[in-house]
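Colleague: First the structure, which I've put down as structure tokens, then a few questions once you've had a look.
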Amino acid sequence: MHHKRIAAQKTISFPAWAKHADASSMLLQILYCLSVELEIDPKVYQMKKDHALWIFFPYSYFLCDSFWDEYGVCAAFISQQYPISFYGMIGEMESAELQAICSEDQKQILLQKRNISGKDFGQMGELCVKIQVEDLEELEDLYQILQYLTYRSNYLPIRRSIHNQDKFSDFTEVDPNTFYRYLIFECQEQKISFLQSLSVEQQKYLWMLFLNDQVSVMEFEYLVEKLQEKEEISLFQWELALRLALSEKGITISYDNEDFRVTDANGLRLRFDYRTGSAAEKVFLKILFPVVPERN
């Protein structure tokens, strides 16, 4: 939007290890590490007309030289497949840009600072990462994936699709049989269970699979296992997701003394059994009856 001039630039060598990396995996890694370092969950915006994603880290602040030391090589490698630039604000409300450009022979990297005035700068705030993705279907996939990126979790749950099936080859995953694919970040010590990385919307989708088609996905198996082993895991988010799914389906739950009745939108009663039911059924009943009520 603004015409920017080169404020400063330097050249560094392109290391051999980077030539064999996976650009898609490295892109997620660099965005996750930025989120961890800044302790900010990014806000992601899609501009289909420009084939671009803008990943914004509000209230962020960093030193440019330290930024290049940590992310310069990765940015140059990524740019060969997904052109990437780093925007922000400097000084008196001046827009600035950082860019890493790899030489055609992959031997050198040109690190550039750009701004309107052409004066060098050492600090930048309000970081916003721009990524160009030519394929619109791939752009949409990446947009959906980044919605759930958070520095609070070492796991990123993504939908299994044709576009990302062979991508992110540098990542290990929790279990190939789970409904979502859970990418594991190694930037910091693992904090929480991969089940806790799911958003309410993602958990709601798993409940809808159960309510619509009686499908009990592997995530419920893991959840039952953790509950049986009395591991620390909050059921409240799963309960909230279930409430949203029940409301959408028009399913109601009523209690009568020690009995309960689950009725669908047509008034038909739905029956559940903890002993013989699926893992999803067990979690469903556990949420309905978390504890045995005391008798007077």
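Colleague: For region 153-188, which positions are of a type outside the set (A, V, I, L, M, F, W, C), at pLDDT below 90 and part of a loop (DSSP other than H, G, I, E, B)?
Modeller: ARG160, SER161, ASP166, LYS167, SER169, ASP170, THR172, GLU186, GLN188
Colleague: Every residue in region 11-56 that is open to solvent by 30 Å² or more (accessible area, probe 1.4 Å), of a type in the set (A, V, I, L, M) and without any contact (Cβ under 8 Å) to a residue 60 or more places away in the chain, please.
Modeller: ALA16, MET47
Per-residue answers, yes or no, for (1) within 20 Å of the chain's Cα centre (by Cα); (2) aliphatic (A, V, I, L, M); (3) closer than 19 Å to SER13 by Cβ; (4) assigned to a strand (DSSP E or B):
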site: ASP69; (1), (2), (3), (4): no, no, yes, no
site: PHE77; (1), (2), (3), (4): no, no, yes, no
site: ALA96; (1), (2), (3), (4): no, yes, no, yes
site: GLN99; (1), (2), (3), (4): no, no, yes, yes
site: LYS119; (1), (2), (3), (4): no, no, no, no
site: MET124; (1), (2), (3), (4): no, yes, no, yes
site: CYS128; (1), (2), (3), (4): yes, no, no, yes
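Colleague: Can I ask one more? Listed residues LEU227, LEU288; which is within 21 Å of PHE179 (Cα to Cα) and of a type outside the set (Ser, Thr, Tyr)?
Modeller: LEU227
Colleague: Please indicate, with yes or no, whether at least one residue in region 256-268 is in a loop (DSSP other than H, G, I, E, B) and either β-branched (Val, Ile, Thr) or closer than 30 Å to LEU31 by Cβ (or both).
Modeller: Checking region 256-268: not a single residue is in a loop (DSSP other than H, G, I, E, B) and either β-branched (Val, Ile, Thr) or closer than 30 Å to LEU31 by Cβ (or both).
Colleague: If TYR61 satisfies every condition in (1) at pLDDT below 95; (2) aromatic (Phe, Trp, Tyr); (3) surrounded by 15 or more Cβ atoms within 10 Å (Cβ to Cβ) but one, which is the exception?
Modeller: TYR61 satisfies every listed condition except (3).
Colleague: Could you tell me whether any residue of region 80-89 is within 17 Å of PHE14 (Cα to Cα) and at pLDDT below 95?
Modeller: yes
Colleague: Another question, then. Being over 9 Å from the mean Cα position of the chain (by Cα) and among the hydrophobic types (A, V, I, L, M, F, W, C) is the filter; apply it to region 130-147 and report the residue that is most open to solvent (accessible area, probe 1.4 Å).
Modeller: LEU136
Colleague: Restricting attention to region 226-252, report how many residues are open to solvent by less than 40 Å² (accessible area, probe 1.4 Å) and not small (Gly, Ala, Ser).
Modeller: 7
Colleague: I'm trying to understand the selection: among the residues of region 232-254, which are among the small types (Gly, Ala, Ser) and under 25 Å from the mean Cα position of the chain (by Cα)?
Modeller: SER234, ALA241, ALA245
The values are calculated or read from the model by the stated rules, or taken from the named source; none is laboratory data. Predicted model, so just to flag it, every value in this text is computed and none were measured. Please note: Cβ atoms are built from the backbone with ideal geometry, for glycine as well, and neighbour counts cover all protein chains shown. Note: accessible area is taken over every heavy atom of the protein model, side chains too, but ligands, DNA and RNA are not part of it. Shrake-Rupley method; radii C 1.70, N 1.55, O 1.52, S 1.80 Å.
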